[in-house]
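Visitor: Below is the structure I would like to discuss, written out as structure tokens.
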Amino acid sequence: MTALSSGEGLGSGFYPHYLELAMQKLPTIFISHGAPTYALEPGPAGAQLTTLGQTLPKPKAVLVVSPHWMTPDVRVGTALRPETIHDFGGFSPVLYQLRYPVAGDRHFSARAQSLLRAAGWSVAPDDKRGLDHGAWVPLCHLYPLADVPTFQVSMPQGLDGATAYAFGQSLAPLSEEGVLIVGSGSLTHNLYEFRSRNGQEPAYAREFVAWVRDTVSSGDRRRLLQTLELAPHAQRAHPTSEHFLPLVVAAGAADGVDGQPIEADVLDGGFTHGVLSMESYVFNGQTSDTAALESMKAANV
């Protein structure tokens, strides 16, 4: 497990290792997507995503699960040209002019539906839904050319840790078929404090992030599934659960059903707006060899 500080990028040391994954199962990613302004203000977290996108084997498609599309039953986006949804208010007019002109993917969206049905989920296609900001904002940095077909799968309402993990496991076979599975949320998400606080991140948020990082890096599934019950300051970091659960979905998609240990690389993007952690995780990227670690510690972009 490697933590990249907010002053570091992935650097050239990442390239040889991830290229080895070209003929293997793709990793899965949890991304903290921050505020919508992340599209215009990438900071260190955006730079890390851009380098990661350049380093990973190019996927055939990207599947995104975001808390900004929650439905009673599962919906899978099947639009051939998903629109860019500006599902927010009160920001700079420039933000509403941005478009992420990516293609959809009918083949893999159909495959996702099949896998979910086989796992017992009630699922239906949706050919009208576009990409919400939990999808297109981080993808502006991960794949800025919008050259990887992308579709969303809605997050069913009422998930808890165990069912979110099982939901991710249902999608796991897609990683072996060339699909990059992304859970997009936020490692901390207290909107009241986001609106009222400026300056340095509070101690409670740092403590919560440190606890989750330790849990993820140790591969402790039990603790991960019970984070919102066990972690320090969990209720303050997440008054509601929907922005945390995409992390559990991504971990489940990395686990699949083989029960192998889950390893994770940490992308420490620091904090934005005082209380929003930009920390992200690459599951089963397998960058734990010593040479890769030393290269990444030395890298600086």
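Visitor: Modelled with pLDDT of 95 or more, open to solvent by 10 Å² or more (accessible area, probe 1.4 Å) and touching a helix residue (DSSP H, G or I) at 6+ places or on another chain (Cβ under 8 Å), is that true of GLN226?
Guide: Judged against the criteria, GLN226 is a match.
Visitor: Does the range 179-186 include one or more residues that are surrounded by fewer than 20 Cβ atoms within 10 Å (Cβ to Cβ), in a loop (DSSP other than H, G, I, E, B) and either modelled with pLDDT of 95 or more or not aromatic (Phe, Trp, Tyr) (or both)?
Guide: No, the conditions are met nowhere in the range 179-186.
Visitor: Do we find that THR55 is out of contact with any strand residue (DSSP E or B) (no Cβ under 6 Å at 6 or more places or on another chain), touching a residue at least 60 places away in the same chain (Cβ under 8 Å) and not acidic (Asp, Glu) in this structure?
Guide: No, not satisfied.
Visitor: So which pairs qualify, if the first residue must be in the range 118-132 and part of a loop (DSSP other than H, G, I, E, B) and open to solvent by less than 70 Å² (accessible area, probe 1.4 Å), the second must be of a type in the set (Lys, Arg) and modelled with pLDDT of 95 or more, the Cβ gap must be under 9 Å, and the two must be at least 6 apart or on different chains?
Guide: Hits for this filter: ARG129/ARG75; GLY130/ARG81.
Visitor: Go through PRO57, PRO67 for me and flag whichever is more than 18 Å from ALA172 (Cβ to Cβ) and outside any strand (DSSP E or B).
Guide: Going through PRO57, PRO67 in turn, just one is more than 18 Å from ALA172 (Cβ to Cβ) and outside any strand (DSSP E or B): PRO67.
Visitor: Among the residues of the range 107-117, how many are buried (at least 18 other Cβ atoms within 10 Å of the Cβ) and out of contact with any Ser or Thr (no Cβ under 7 Å at 6 or more places or on another chain)?
Guide: The total comes to 4.
Visitor: Additional query: Take the residues of the range 71-106 that are free of Cβ contacts under 8 Å to residues at least 12 places away in the same chain and assigned to a helix (DSSP H, G or I): which is surrounded by the fewest Cβ atoms within 10 Å (Cβ to Cβ)?
Guide: Only one residue tops the list, namely PRO93.
Visitor: Still on this structure, I have one more. For the structure I just gave you, tell me whether PRO173 is open to solvent by less than 10 Å² (accessible area, probe 1.4 Å), closer than 17 Å to THR28 by Cα, assigned to a helix (DSSP H, G or I) and modelled with pLDDT of 95 or more.
Guide: No.
Visitor: Could you check the range 255-268 and list, in sequence order, the residues that are at pLDDT 85 or above and assigned to a loop (DSSP other than H, G, I, E, B)?
Guide: ASP268
The values are calculated or read from the model by the stated rules, or taken from the named source; none is laboratory data. Worth saying up front: this structure is predicted, and the values here are computed from it rather than measured. Note: ideal-geometry Cβ built from the backbone for every residue, glycine included; neighbour counts use all protein chains shown. Each accessible area value is taken on the protein alone, full model and side chains, heavy atoms only, with ligands, DNA and RNA left out. Shrake-Rupley method; radii C 1.70, N 1.55, O 1.52, S 1.80 Å.
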